[in-house]
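*Asks:* Attaching a single structure in structure tokens format; questions to follow.
The values are calculated or read from the model by the stated rules, or taken from the named source; none is laboratory data. Please read these numbers as outputs of a predicted model, since none were measured by experiment. Note that each Cβ is placed from the backbone with ideal geometry, even for glycine, and that neighbours are counted across all protein chains shown.
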Amino acid sequence: MAALVVVLGDIGRSPRMMNHACMLLDSTSYDVHILAYRESPMYPQLEASPRVHLHSIRAVSLCRSCFLLYALLRLFCQTFQILWILLRVRDIRVAFVQNPPAIPALALVLFVSFVKNFPVYLDWHNYSFSLLSIAGRSRKIVSLARLYERKVGFLADRHFCVSQAMQSDLAAHFHIR
């Protein structure tokens, strides 16, 4: 049996997601499959465990000055890599997904969860659309990201947040409890 921990970032800089992986190791007999970038070390407990399987997502290297081309290429590469890994992991019982970034990971995990019948837990740290807005992306891109997060995020089986303020905001604006 297997559990997934999905982070579209550096797993070594995602302590909450590493804590989820440690909890799964300590309280279940599942193998823990982590899908993430590998730029810095994980917790020693995770590094040493034979039940932890790290599936490294490879970064796309391209000049970021052409954001739209970079974003589309990155989206395509991430989609292919994530889907490939998700379809290869057998007997998945549960998945934990970090948000942000949820594009494209959350939709892919939800699709595979529908096919393979396992629950998805979404850990809300922030919103992808707000980070895109802060980065100065166009209103259309920010609006599409907000719509994606609202509609796709709602489909997760369970939700938990980094703070009570985030919990209140999710309930008020996304109708997520």
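*Asks:* Does residue 68 fit the bill of being surrounded by fewer than 12 Cβ atoms within 10 Å (Cβ to Cβ) and assigned to a helix (DSSP H, G or I)?
*Replies:* Yes: the conditions hold for residue 68.
*Asks:* In segment 105-122, how many are over 16 Å from residue 75 (Cα atoms) and either among the aliphatic types (A, V, I, L, M) or outside any helix (DSSP H, G or I) (or both)?
*Replies:* Residues in segment 105-122 being over 16 Å from residue 75 (Cα atoms) and either among the aliphatic types (A, V, I, L, M) or outside any helix (DSSP H, G or I) (or both): 9 in total.
*Asks:* Can you name every residue in segment 126-155 that is in a helix (DSSP H, G or I) and of a type in the set (A, V, I, L, M, F, W, C)?
*Replies:* The answer is 129, 131, 132, 134, 141, 142, 144, 145, 147, 152.
*Asks:* For segment 9-43, what are the residues that are in contact (Cβ under 8 Å) with a residue 12 or more places away in the chain and small (Gly, Ala, Ser)?
*Replies:* 9, 12, 14, 21, 29, 36, 40 - these are the residues of segment 9-43 that are in contact (Cβ under 8 Å) with a residue 12 or more places away in the chain and small (Gly, Ala, Ser).
*Asks:* Which residue is surrounded by the most Cβ atoms within 10 Å (Cβ to Cβ), if the candidates are limited to segment 156-177 and must be in contact with a Phe, Trp or Tyr (Cβ under 6 Å, 6 or more places away or on another chain) and part of a strand (DSSP E or B)?
*Replies:* Only one residue fits best here, namely 161.
*Asks:* Oh, and also: Go through segment 1-47 and report how many residues are at pLDDT 95 or above, closer than 21 Å to residue 88 by Cα, surrounded by 16 or more Cβ atoms within 10 Å (Cβ to Cβ) and not aliphatic (A, V, I, L, M).
*Replies:* Of the residues in segment 1-47, 3 are at pLDDT 95 or above, closer than 21 Å to residue 88 by Cα, surrounded by 16 or more Cβ atoms within 10 Å (Cβ to Cβ) and not aliphatic (A, V, I, L, M).
*Asks:* Next question, about the same structure. Name every residue in segment 107-117 that is out of contact with any Asp or Glu (no Cβ under 9 Å at 6 or more places or on another chain) and either in contact (Cβ under 8 Å) with a residue 12 or more places away in the chain or closer than 14 Å to residue 158 by Cα (or both), in order of residue number.
*Replies:* If the condition is that a residue be out of contact with any Asp or Glu (no Cβ under 9 Å at 6 or more places or on another chain) and either in contact (Cβ under 8 Å) with a residue 12 or more places away in the chain or closer than 14 Å to residue 158 by Cα (or both), then 107, 108, 109, 110, 112 are the ones that fit.
*Asks:* OK, next. Looking at 142, 120, 152, 162, which one is at pLDDT 95 or above and β-branched (Val, Ile, Thr)?
*Replies:* 120
*Asks:* Applying the selection to segment 142-177, what residues are β-branched (Val, Ile, Thr) and either farther than 23 Å from residue 108 by Cβ or touching a residue at least 60 places away in the same chain (Cβ under 8 Å) (or both)?
*Replies:* Matches in segment 142-177: 162 only.
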